[in-house]
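Below: the structure, in structure tokens.
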Amino acid sequence: GWSDELYSFNREISSSEIRDLYQLNEPPVFDSVSTTPSSWTLGSSVDVSADVSDGDGTVSGVEVDVWEDGQQIVSDASLTNTGGDTWEATDLFNVDESGVEYELEFTATDDDGATTTYTTSQVIEDNLGTITINQPTGDIFDYDVDYSITHSDSDDVPGETITCDLVY
């Protein structure tokens, strides 16, 4: 709250002195947030870690919500303080859809009730791969020549397979 007291100083005062004088509370700060794996793929289980500090007190809790293409799939999951400023949750959610965006919204609360949020997201893509016939080149193929086929796929869906049938 605000005070109706008037203070007079004969010098400049620092922001920390003002905070102390008026008992202002600074919210906690997200120093870093990471996930394991760092790049999510279809079928992966996601763990989270957040380093959160509070310059004028202590962090009392960190929670996270998870949204899958705008639909909330995890609500107010509490992270555990694993020491110092580090808060973690394992197996927070499983990536079970492709072609969607997953969004994580973290909320940290300090011992005086101030909060701050941090948001991160990733889109899980499933693109068609490309198949390249390397040998022989050209339009004419001979069935007694070895063929080399390469498949490349740069999406977020692991374990996809291709099948090549030789037709005579």
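The values are calculated or read from the model by the stated rules, or taken from the named source; none is laboratory data. What you see is a predicted model; the values in this text were computed from it and never measured. Cβ: placed from backbone, ideal geometry, glycine included. Neighbour counts: every protein chain shown. Accessible surface is based on the protein model in full, side chains and every heavy atom, while ligands, DNA and RNA are left aside. Shrake-Rupley method; radii C 1.70, N 1.55, O 1.52, S 1.80 Å.
In this structure, does Val64 turn out to be more than 30 Å from Leu24 (Cα to Cα), open to solvent by less than 20 Å² (accessible area, probe 1.4 Å) and not polar (S, T, N, Q)? It is false that Val64 is more than 30 Å from Leu24 (Cα to Cα), open to solvent by less than 20 Å² (accessible area, probe 1.4 Å) and not polar (S, T, N, Q). Any residue at all in segment 13-28 that's of a type outside the set (Phe, Trp, Tyr), open to solvent by less than 50 Å² (accessible area, probe 1.4 Å), outside any loop (DSSP other than H, G, I, E, B) and at pLDDT 95 or above? No, that holds for no residue. Pairing residues of segment 72-86 that are in contact (Cβ under 8 Å) with a residue 40 or more places away in the chain with residues that are surrounded by fewer than 16 Cβ atoms within 10 Å (Cβ to Cβ) and of a type outside the set (Asp, Glu), at Cβ distances under 9 Å and at least 6 apart in sequence or on separate chains, gives Asp85/Ser53.
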